[in-house]
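Taking it in order: structure first as structure tokens, then the write-up.
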Amino acid sequence: QKEVEQDPGPLSVPEGAIVSLNCTYSNSAFQYFMWYRQYSRKGPELLMYTYSSGNKEDGRFTAQVDKSSKYISLFIRDSQPSDSATYLCAMSEGNAGNMLTFGGGTRLMVKP
Amino acid sequence: EAQVTQNPRYLITVTGKKLTVTCSQNMNHEYMSWYRQDPGLGLRQIYYSMNVEVTDKGDVPEGYKVSRKEKRNFPLILESPSPNQTSLYFCASSTRTGPGYEQYFGPGTRLTVT
């Protein structure tokens, strides 16, 4: 069993829809949770970062962490075609760059 | 412009022929790392470096070497490539501290070993 599980998709939604992307994990020591966005033929870029449980909002994006269920989510409101990308969750035990564990990524397609 | 550069972007080679993928960053970051990305497996760390002359193994180091002689450069060396090293490779850099320790990724190098 992988340490971090993520549905690969693809997830296809119409423009304007609310998108929910999720990851489950098995390591209860994870404390730092991130979402990276990766456009085709590009490197990943950090989208959201949260520490421990709770919600964090940034514009149309909301990251949610439920440590009791070992489950994290990324919500995208009013999705746009420009949101079409692969979304990777990542997490770590400590605030050190050498300890990231990534999920396999979910490919999202937002159709106009 | 702040960036991480990798060369080459695409490479097709044969089994056993030594190759080097270069990585350079212009942000004065102390921390650099190499990942490989395979379908369904996400990004897996190969090696990382916390500073000049300081390197350590990640999750999948077998078959790879690295060196960090200068702060800005972190080359990945495949001494004897094999077909199972066919993958998409990313170099990344970040500051050692800061919330979220955002990693800046290069554009990727697609390697095919036949």
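Read the figures in this text as sums done on the coordinates, not as results from a lab. Keep in mind the model is a prediction, meaning the values are calculated, not measured. With ideal geometry, Cβ positions are generated from the backbone for all residues, glycine too; neighbour counts draw on all protein chains shown.
Roughly how big is segment A:1-100's charge dipole about its Cα centre, with Cβ charges of +1 (Lys, Arg) and -1 (Asp, Glu), in debye to the nearest 20?
Values: 9 positive and 11 negative charges, 25 e Å.
The calculated dipole for segment A:1-100 is roughly 120 debye.
To the nearest 0.05, what FRET efficiency results for B:Asp38 and A:Gln80 with a Förster distance of 41 Å applied to their C-beta separation?
Details: r = 29 Å, r/R0 = 0.71.
Approximately 0.90, to the nearest 0.05.
Return the FRET efficiency for the residue pair A:Asn22, A:Lys42: r is the Cβ-Cβ distance, R0 is 25 Å, and the value is rounded to the nearest 0.05.
On the way: r = 23 Å, r/R0 = 0.92.
For A:Asn22 and A:Lys42, the calculated efficiency is 0.65.
Give me the Kirkwood hydrodynamic radius of chain A, using the inverse of the mean 1/r over all pairs of distinct Cα atoms, in Å to one decimal.
Working: mean 1/r = 0.0714 Å⁻¹.
Hydrodynamic radius (Kirkwood, Cα pairs) of chain A is 14.0 Å.
Peptide A:31-43: average number of partner chain Cβ atoms within 10 Å per residue? Mind dumping the intermediate values first?
Working: counts 0, 3, 1, 4, 0, 5, 0, 5, 0, 0, 5, 5, 15.
What the average comes to for A:31-43 is 3.
Using the structure shown, list the pairs from A:Lys2/B:Lys18; A:Lys42/B:Lys17; A:Lys56/B:Lys71; A:Lys67/B:Lys65; A:Lys42/B:Lys57; A:Lys2/A:Lys42 with a Cα-Cα distance above 30 Å, or answer none. Intermediate results must be reported in sequence, preceding the final value.
Working: A:Lys2/B:Lys18 32 Å; A:Lys42/B:Lys17 27 Å; A:Lys56/B:Lys71 34 Å; A:Lys67/B:Lys65 36 Å; A:Lys42/B:Lys57 25 Å; A:Lys2/A:Lys42 25 Å.
Over 30 Å apart, Cα to Cα: A:Lys2/B:Lys18; A:Lys56/B:Lys71; A:Lys67/B:Lys65.
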